Amino acid sequence: MNELDELRRWEAGAPPLDDDTRHRARVRLFAAMNEQPAAVRPPGRRRVPRIALTGLVAAAVAATVLVTVDGAREGQQAKPPAVDSPNVANVAAPKVLNGAADWERRHERQTVVPRDDQFIYSKRIIRETERKTGKVRTYTDEMWDSVDGSRSSLTMELGNIMWEEPLGEGESVWPPRRWDELKKLPTDPEKLVPAIVSAGASNGSISDFTEDDRWQAYFLLGELLKAPVLPEGLRAAAYEGLALVPGVKTVEGVEDSAGRTGVGIAYPGRFKGRYLIFDAKSYEFLGFRDERISRDGKKTYVQLSHTVEWAIVDKVRQRP
Amino acid sequence: MTVDPGVPLPLGQGEQSDAWSIERSRDEPEQFAALFDRHADSVHRYAARRLGPEAAEDLMADTFTTAFKERHRYDLARADARPWLFGIATNLIGRHRRAEARRFKALARVPEPVPHEEPVADRAVARVGAERMRGELAAALARLPARHRDVVLLVAWADLGYEEVAHALGVPVGTVRSRLHRARRTLREALGGSDPTAFQEVHAHERAR
């Protein structure tokens with residue numbers, strides 16, 4: 001008898017790795033990526049589709065990796081005049097978000113439905129402020145996203161040209177671009193949020209959400225809202241869904257990329273410095289705020305962005 | 001949603017070496033997920049066999065988050081990251097020495113023999129025999145010095161070679177050989193006394209503790 005072989009044959013009461021456990025561990029790994037400022041590279045605002053991860057959560061969190069804030073550094077540096085230093089408030093998130101949903105419903109126009117073989121063109125303005133020096137740079141990003149992912153998508157950001165390979169079998173991006181996939185998302189906010197968290201595997205209602213579920217909900221809904229074209233009612237439902245997520249807070253006095261001051265919607269426990277920005281009175285959605293750290297980890301940038309133009313086009317590089 | 005968070009990374013990255021993924025992950029952190037997708041099962045299995053399923057989840061997750069944070073220190077000349085990952089896992093298991101020993105002692109307490117008056121199928125007898133043998137293995141593992149246990153379990157349960165174990169633990173290969181030799185001798189002796197009577201004595205001894 002060989003004692004090593006005997007040992008090898010013995011499972012010692014260990015069950016195989018199940019999908020739930022794997023998923024939780026994977027989320028923790030991505031959370032670690034998210035927390036590590038040195039891991040952040042420029043410019044990286046749009047790596048999700050380019051990487052085309054298969055896992056929804058993986059894709060979602062991979063994007064956050066690239067825009068992490070270095071909270072520890074925050075207090076040690078002078079506040080540049082152009083960058084807000086917001087105070088987290090605990091009261092009005094549902095009011096702002098439900099107000100945003102109302103605004104959206106009042107202003108919603110009939111959507112052009114993109115065909116699978118088309119591209120979604122969008123143009124974003126990014127205003128980036130280096131936290132320490134207050135130096136501001138403004139960029140215009142343009143992207144052409146293949147609707148069904150069968151063709152290469154193009155992103156031009158910070159003067160860089162990046163091609164996204166067509167999606168392989170079983171791969172997907174978040175948010176989805178295909179109309180039939182978007183149409184499957186519930187427009188009832190109480191159903192929408194559980195449907196997108198943990199790829200719909202998170203059973204139960206929002207009130208049963210774990211901390212991981214909550215920050216996923218905040219992140220995934222925020223990414224969904226970046227899509228320029230959504231089926232009727234879905235954008236409003238996403239706002240209302242965000243209002244239901246515990247831990248989502250308002251941040252007063254946030255400036256958007258056009259210089260307008262608004263109110264931020266944040267998830268401070270996980271995403272410091274990342275907000276959706278709304279007009280403080282009308283609750284119209286104005287844009288996004290994110291932070292990123294330079295490749296050497298020494299500089300922190302505040303990024304404010306909003307979409308200025310979008311269209312459904314037939315070819316890459318075709319503009320409306 | 002039809003996507004599955006557990007699906008491995010696409011784009012043929014499975015064909016790339018671990019070192020390639022780690023190098024890429026220094027600029028593109030999400031590339032590290034490829035390492036998780038490749039090795040989560042084996043690291044989890046190793047941890048679960050040593051610490052049990054409950055502790056294994058944390059240990060496996062901690063192994064990959066620790067590895068991620070230390071990826072800048074990885075020696076890219078090493079294409080296969082398994083020794084590195086199992087080294088991290090083994091270090092983390094080191095924080096649970098007592099729990100591990102308790103677990104092996106518990107595993108040494110196999111079920112009571114079936115009463116004689118009940119009919120027993122041959123297969124059941126064989127199973128009970130195997131369980132007893134494993135009970136003795138477990139008792140012997142519990143008795144091994146931690147450093148010997150690390151070596152023998154990296155060989156048997158992580159499927160590492162001597163040089164890989166040496167790399168995982170940061171010790172010379174000669175040290176690995178000598179620890180493995182002594183560990184195997186202890187295990188062999190334990191299995192050598194695997195007749196039911198001897199087992200009963202060990203069993204009673206363990207239960208009396």
Verdict on residue A:243 being closer than 30 Å to residue B:29 by Cβ, of a type in the set (A, V, I, L, M, F, W, C), in contact with a Leu (Cβ under 6 Å, 6 or more places away or on another chain) and assigned to a helix (DSSP H, G or I): no
All positions within the range A:5-27 that are over 41 Å from the mean Cα position of the chain (by Cα) and either closer than 25 Å to residue B:65 by Cβ or touching a residue at least 12 places away in the same chain (Cβ under 8 Å) (or both): A:12
Candidates B:201, B:189, B:206 - the one that is within 17 Å of residue A:4 (Cβ to Cβ), at pLDDT below 95, among the acidic types (Asp, Glu) and assigned to a helix (DSSP H, G or I): B:189
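Residues checked against (1) open to solvent by 10 Å² or more (accessible area, probe 1.4 Å); (2) closer than 30 Å to residue A:154 by Cβ:
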{"residue": "A:189", "(1), (2)": "yes, no"}
{"residue": "A:204", "(1), (2)": "yes, no"}
{"residue": "A:211", "(1), (2)": "yes, no"}
{"residue": "A:219", "(1), (2)": "no, yes"}
{"residue": "A:234", "(1), (2)": "no, yes"}
{"residue": "A:241", "(1), (2)": "no, no"}
{"residue": "A:260", "(1), (2)": "yes, yes"}
{"residue": "A:264", "(1), (2)": "no, no"}
Scope the range A:1-29; condition touching a Gly at 6+ places or on another chain (Cβ under 8 Å) and outside any helix (DSSP H, G or I); matching residues: A:13, A:14
Single residue of the range B:62-112 satisfying the filter (assigned to a helix (DSSP H, G or I) and of a type in the set (Asp, Glu)) that is surrounded by the most Cβ atoms within 10 Å (Cβ to Cβ): B:100
Members of the range A:18-45 that are surrounded by fewer than 20 Cβ atoms within 10 Å (Cβ to Cβ), modelled with pLDDT under 80 and facing chain B (nearest Cβ under 7 Å): A:36, A:41
Matching residues, the range A:1-15, being open to solvent by 30 Å² or more (accessible area, probe 1.4 Å) and either facing another protein chain (nearest Cβ under 7 Å) or farther than 24 Å from residue B:106 by Cβ (or both): A:1, A:2, A:8, A:11, A:13, A:15
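So, of the residues in the range B:16-34 that are in a helix (DSSP H, G or I) and within 9 Å of another protein chain (Cβ to nearest Cβ), which turns out to be farthest from residue A:14 (Cα to Cα)?
Within the range B:16-34, the first condition is being in a helix (DSSP H, G or I), and the residues that meet it are B:18-27, B:29-34.
Applying the additional criterion that residues be within 9 Å of another protein chain (Cβ to nearest Cβ) yields B:25-27, B:29-33.
Details: B:25: 31, B:26: 33, B:27: 36, B:29: 31, B:30: 29, B:31: 29, B:32: 26, B:33: 24 Å.
Selected residue: B:27.
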Some residue of the range B:49-61 being farther than 23 Å from residue B:103 by Cα and either open to solvent by less than 10 Å² (accessible area, probe 1.4 Å) or more than 7 Å from every other protein chain (Cβ to nearest Cβ) (or both): no
Hey, residue B:94 out of contact with any Lys or Arg (no Cβ under 8 Å at 6 or more places or on another chain), closer than 23 Å to residue B:142 by Cβ and at pLDDT 95 or above or not: no
Residue within the range A:159-167 that is under 16 Å from residue A:309 (Cα atoms) and open to solvent by less than 20 Å² (accessible area, probe 1.4 Å) present: no
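The values are calculated or read from the model by the stated rules, or taken from the named source; none is laboratory data. None of the values given here were measured: they were computed from a predicted structure. A quick note on method: Cβ atoms are made from the backbone with ideal geometry, for glycine too, and the neighbour counts reach across all protein chains shown. The area values use the complete protein model at the heavy-atom level, side chains included, leaving out ligands, DNA and RNA. Shrake-Rupley method; radii C 1.70, N 1.55, O 1.52, S 1.80 Å.
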